[in-house]
Structure formats: structure tokens, C-alpha cells
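To start, the structure itself, in C-alpha cells.
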Amino acid sequence: MVIRIGSSGIYTDSMLKLIKLPDLLSVCNALFGFAAILLVLEGGSTRALKTALVFILVATVIDGLDGFVARTVESSPIGRYLDSLADMVSFGVAPAVVAFVVIKNFFQLTLTYTHVVVASAFCGAYIICGMLRLARYNAKISQQNEFVGLPITGSAILLASFMLLAVELAIPGCAYILVILMGFLCLFMISRIPYRKLKSSWLVIVSLILFSALFFFYAVSLSLFVYPAAIIVVLTALYICSPVMQYLLNRE
């Protein structure tokens, strides 16, 4: 395919010619993130809050499918940037907004003005660190086998699945745990810790089974979705801690 570029360096082809299948998946990714934000801003029920969290997890699956299609079928010149913009909506802004609503409204704590300010600061820091992580990813020339810093998608998976468990099981003290968790995720995202790209076929299959089970049980209103959600939390936490564990093993 030939892409026409004008003298000013701007693409002169129509947007319809530029957009490919992976780009449509990126758009779907962003729409699920936007839908999650709308659900919690509506100030609705616990069901709406859990649905928003499930939407974020759906967006992570679409993001993975987006990358797979781009590598195996066809990519467009705007694909890389569109993917990052979608990730910012679904895995940066949406989890932060949902986390703030969870902290402020769901657990019915006696929150002072200071508590609200602290929660706002951590949620804002999460957005900023996610934005910096995505910017560094796009600026880096080559990342063949590993990422530098925790990918924002992994961060969103842990945050959304943990909040889903916390809301469903009403975990005591979850608001404080959530703030601390967001703080750690901020540090991991902007760190220089190397994270391996997960390309193993069996890992992909296991992930698809877990996410499919979670979505199915939630769709049919079965509380069994907490089990795949718990496994997702554990596996994601292990991935986040894997560089540290690898470092300790190499020292022995």
C-alpha cells in the first residue's frame, strides 16, 4: 500500500485509507475505557461499578488482540500512536477515575478533606506515570524482547481485577490498600526495571481461559467470577515481581 505524504509531511490520504483492522481494535479499546468512566461518573449501583471494572479488563484483552493482529496481518502508519492513545484512556484515565470513586463512595468511610486530597493525588500520579510510561515506550527505538518499566496494561489488569475482588467481597481496609497499590504501580511504571514480553503460547492460552471465564461468569450473574479474578491478581502480581525474584535468584 502506498501512503501519500504532502510537502508539509502530513498524510494526504483519507483517514479511511489509513485505518486498518488493528486501528479499529484500538478504537474499541478506547470506547470500553470511556464506557467504564461513564458508568462510574453516573454514580450508579455496585453493579455499574463492577461492570466498569470488567470493561477495563475487556479493553486489556482487545489491546492484546490488537497487537497480535498488527504483527501478523497488517499495521498502519498511525497504529502505534493510536494504540498508545487508546491505552491512555482505558488503562490510565479509566482505572484512576474508577479507583477514586471506589475510595470515595463505595466503602463508605468517614473521609476527611485530607483523605480526599490524598486519594486525588495518588490517582493523578497514576495517570501521569502511565502517560510517561507510554511516552517512553513510543520514544524508544527498539524493544525486542523486553519492556523498560512495567507496561501500563499490566498495571491496569492488576488494579482493575483487585478492585473487582474488593468490591465483590467487601474487603476490609481496601481503600488504604488501593492507595498503596497505586503508589507502587506508579513507581514500577516509570522505573527502569526490565520486564520480559510474554510471547509463550501456553501463557496466551491460560490468559484467554481466565479472562473468558471471568467474563462469562459475570455476564450470567454468577459470583464465581471472583475465582478467575483472584487468579488474575496473583499471576499479574507475580509478573510484576518477577524481575526482583530473578535478581535475587541470580545473586545466589
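Laboratory data are not the source of any read-out in this text; all were calculated from the coordinates shown. No experiment lies behind these values; they were computed from the predicted model shown. All Cβ positions, glycine included, derive from the backbone under ideal geometry; neighbour counts span all protein chains shown.
Using +1 on the beta carbon of Lys and Arg, -1 on that of Asp and Glu, and nothing else charged, what's the dipole of the chain about the Cα centre, debye to 20?
Numbers: 16 positive and 11 negative charges, 83 e Å.
With Lys and Arg at +1 and Asp and Glu at -1, about 400 debye.
Under a crude label model (7 Å from the Cα following the beta-carbon direction), how far is T72 from K140 in nanometres?
2.4
Read phi for every residue in the range 201-214 and hand back ³J(HN,Hα) as whole Hz from Karplus 6.51 cos²θ - 1.76 cosθ + 1.60, θ = phi - 60°, with x for Gly and Pro.
So the Karplus estimates, Gly and Pro as x, are 5, 5, 5, 4, 5, 4, 4, 4, 5, 5, 5, 4, 5, 4 Hz.
Using a simple charge model, +1 on the beta-carbon of Lys and Arg, -1 on the beta-carbon of Asp and Glu, nothing else, what dipole does the range 23-166 show about its Cα centre, in debye to the nearest 20?
Numbers: 8 positive and 8 negative charges, 68 e Å.
Dipole size: approximately 320 debye.
Relative to 2.2 N^0.38 Å, what does the C-alpha radius of gyration of the range 72-171 come to as a ratio? Two decimals please.
Values: Rg = 16.3 Å, N = 100, 2.2 N^0.38 = 12.7 Å.
In units of the globular-protein estimate, the range 72-171 measures up at 1.29.
Students often get this wrong, so try it: which of [x] 0.93; [y] 1.05; [z] 1.27 is Cα Rg over 2.2 N^0.38 Å as calculated from the structure shown?
It is the value labelled [y].
So how much slack lies between F215 and L16, counting 0.36 nm per residue of separation and subtracting their Cα-Cα distance, in nm? Numbers along the way, then the final one.
On the way: separation 199, 0.36 × 199 = 71.64 nm, distance 3.19 nm.
Length difference between fully extended and current span is 68.4 nm.
Using 0.36 nm per residue of separation minus the Cα-Cα distance, give me the extension gain between V116 and L41 in nm, one decimal. Please report the intermediate quantities before stating the final value.
Details: separation 75, 0.36 × 75 = 27.00 nm, distance 1.64 nm.
Stretched fully, the V116-L41 segment lengthens by 25.4 nm.
Any cysteines in the chain with zero other Cys Cβ atoms under 4.7 Å from their Cβ? List them, or say none.
Taking the Cβ cut-off of 4.7 Å, the unpaired cysteines of the chain are C28, C123, C174, C241.
Given K20/K199; K104/K140; K17/K50; K104/K199, which pairs have Cα atoms separated by over 30 Å? Intermediate values should be presented prior to the final figure.
Numbers: K20/K199 23 Å; K104/K140 37 Å; K17/K50 37 Å; K104/K199 38 Å.
Result: K104/K140; K17/K50; K104/K199 exceed 30 Å.
Give me, ordered by chain and number, the residues 5 or more places off R196 or on other chains with an amide H under 5 Å from its own placed amide H.
F147
Taking the Cα centre of the range 46-88 as the origin, how large is its charge dipole in debye, to the nearest 20, when only Lys and Arg (+1) and Asp and Glu (-1) carry charge on their Cβ atoms? Let's see the in-between values first.
Details: 4 positive and 5 negative charges, 47 e Å.
Dipole magnitude for the range 46-88 comes out near 220 debye.
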